[in-house]
Amino acid sequence: MSTNQSFWTTLPYAQFKRDPHYYAKHDTVFLVLAGGGIALLHAIGYVPPATRFALSHLLAFPIVLYLTILAHAFTHCASHGAWGRSTAGRVLNRIVGELCGAWVLTKFASWEIVHRRHHRYSDDAQRDPHPAERGYWRYALNTLINVEKQLQQEYFDVHGDTPERRRYERFRSVYSFVSGVVLALFWEQLVGLPLFVELVLPAWVLAGLFVIHFNWVGHNAHTKDGPIQPVDLDHGWFWIGNRMFFGIYFHGSHHRMAIVFNPMNVKARLASRAIDAGAEAVEPA
């Protein structure tokens, strides 16, 4: 497999395991592209779609927020390879993951690496990047703090924990932050400061809080005394949210079969498998 084929048909985590410098290289690509994009916009005298603040811009906010939440959801699906298993599907996973990850600022590599760790150590207080706990705002704060910590721990688990590795990860963490800032500046230059402040920045914040909230309720932490574990929710707002965001609150089903794009379909898939398995069991030799 060539390098280009490997990039386009392999998810970031597989490349991260092979190359201890992969994550920094991924950040470098975004740093160069975003920095180059800013320079190009200035060189061609680009004028953004809005140059003045206006209350009328807020009419577009629900659409921007919805699309930003969808970008998180689509990055999530890409991190599980849910856009397809064929060669074309694997390429689509990569394209969707990178584009949507760039829009929500997390970047695809960090989204996938952290999320795989969450599935591997779900609700483990020491190793899950966002183990569920009672109290949404405490959970949200701990998530923001713990994600980078667990991203570094995944690096140590895969590539070894040495003083040199720890120094490298401290540098990489700062470098990743800088690349994220430059990426945000690119979006600001592209849409213009008024739209960035009125629409994009609030959408990033609220979409991030929404994603944290769906993880929180998806692990049943919103209940007073229910067990903290992945659950399916499909009543009230959750019913609406599932139809808006492709089964996002069927979190228990998602943990059972993460490859399915819409986890609302997991029970049907499992039932079909059980029927097929039963038919094979009684089929004469």
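Going through segment 129-148 one residue at a time, which ones are among the charged types (D, E, K, R) and over 18 Å from LEU105 (Cα atoms)?
If the condition is that a residue be among the charged types (D, E, K, R) and over 18 Å from LEU105 (Cα atoms), then GLU133, ARG134, ARG138 are the ones that fit.
Residue count for segment 232-256, restricted to those that are closer than 21 Å to SER79 by Cβ and either surrounded by 16 or more Cβ atoms within 10 Å (Cβ to Cβ) or β-branched (Val, Ile, Thr) (or both): 15. Going through (1) of a type in the set (A, V, I, L, M); (2) modelled with pLDDT under 95; (3) touching a strand residue (DSSP E or B) at 6+ places or on another chain (Cβ under 8 Å) one by one, ILE259 falls short only on (3). Considering only segment 181-221, state which residues are more than 30 Å from ARG52 (Cβ to Cβ) and touching a Phe, Trp or Tyr at 6+ places or on another chain (Cβ under 6 Å). Of everything in segment 181-221, just one residue is more than 30 Å from ARG52 (Cβ to Cβ) and touching a Phe, Trp or Tyr at 6+ places or on another chain (Cβ under 6 Å), namely TRP216. Being open to solvent by less than 70 Å² (accessible area, probe 1.4 Å) and assigned to a helix (DSSP H, G or I) is a description that does not apply to ALA88. Whether any residue in segment 108-116 is open to solvent by 20 Å² or more (accessible area, probe 1.4 Å), in contact with a Phe, Trp or Tyr (Cβ under 7 Å, 6 or more places away or on another chain) and farther than 27 Å from ASP157 by Cα is what I want to check. No, segment 108-116 contains no residue that is open to solvent by 20 Å² or more (accessible area, probe 1.4 Å), in contact with a Phe, Trp or Tyr (Cβ under 7 Å, 6 or more places away or on another chain) and farther than 27 Å from ASP157 by Cα.
The number of residues in segment 124-168 being touching a residue at least 40 places away in the same chain (Cβ under 8 Å), buried (at least 19 other Cβ atoms within 10 Å of the Cβ) and either assigned to a helix (DSSP H, G or I) or out of contact with any Ser or Thr (no Cβ under 7 Å at 6 or more places or on another chain) (or both) comes to 6.
Against the criterion of being of a type in the set (Asp, Glu) and touching a helix residue (DSSP H, G or I) at 6+ places or on another chain (Cβ under 8 Å), GLU164 does not qualify. Determine if segment 100-122 includes at least one residue that is more than 23 Å from HIS251 (Cα to Cα) and assigned to a helix (DSSP H, G or I). Yes: segment 100-122 contains one or more residues that are more than 23 Å from HIS251 (Cα to Cα) and assigned to a helix (DSSP H, G or I). Would a scan of segment 91-101 turn up a residue that is surrounded by fewer than 18 Cβ atoms within 10 Å (Cβ to Cβ) and within 18 Å of TYR23 (Cα to Cα)? Taking every residue of segment 91-101 in turn, at least one turns out to be surrounded by fewer than 18 Cβ atoms within 10 Å (Cβ to Cβ) and within 18 Å of TYR23 (Cα to Cα). Scanning segment 30-59 for residues that are open to solvent by less than 80 Å² (accessible area, probe 1.4 Å) and closer than 30 Å to GLY84 by Cβ yields PHE30, LEU31, ALA34, GLY37.
On the basis of being assigned to a helix (DSSP H, G or I) and either at pLDDT below 90 or under 26 Å from GLU112 (Cβ atoms) (or both), does TRP239 make the cut? No: the conditions fail for TRP239. The set of residues in segment 132-142 that are modelled with pLDDT of 95 or more and under 11 Å from ASN215 (Cα atoms) comprises TYR136, TYR139, ALA140. Would you confirm, using the coordinates I've provided, whether ILE69 is open to solvent by less than 50 Å² (accessible area, probe 1.4 Å), among the aliphatic types (A, V, I, L, M) and either at pLDDT 95 or above or not in a helix (DSSP H, G or I) (or both)? Criteria met by ILE69. Taken over segment 187-198, the residue count meeting the criterion of being in a helix (DSSP H, G or I) and either modelled with pLDDT under 95 or out of contact with any Leu (no Cβ under 8 Å at 6 or more places or on another chain) (or both) is 7.
When ASN220 is tested against (1) buried (at least 16 other Cβ atoms within 10 Å of the Cβ); (2) at pLDDT below 90, only condition (2) is not met. The residues of segment 34-66 that are in contact with a helix residue (DSSP H, G or I) (Cβ under 8 Å, 6 or more places away or on another chain) and among the hydrophobic types (A, V, I, L, M, F, W, C), listed by number, are ALA34, ILE38, LEU41, ALA50, PHE53, ALA54, LEU58, ALA60, PHE61, VAL64, LEU65. Figure legend. Inter-residue proximity from segment 181-198: first residues in contact (Cβ under 8 Å) with a residue 40 or more places away in the chain, second residues charged (D, E, K, R) and open to solvent by 30 Å² or more (accessible area, probe 1.4 Å), beta-carbon distance below 7 Å, spacing 6+ or different chains. Indicated pairs: PRO194/ARG52.
The values are calculated or read from the model by the stated rules, or taken from the named source; none is laboratory data. Computed from a prediction, not measured in an experiment: that's the story for all the values here. Note that we place each Cβ from the backbone using ideal geometry, even for glycine, and neighbour counts take in every protein chain shown. Keep in mind that these areas ignore ligands, DNA and RNA; they rest on the heavy atoms of the full protein, side chains included. Shrake-Rupley method; radii C 1.70, N 1.55, O 1.52, S 1.80 Å.
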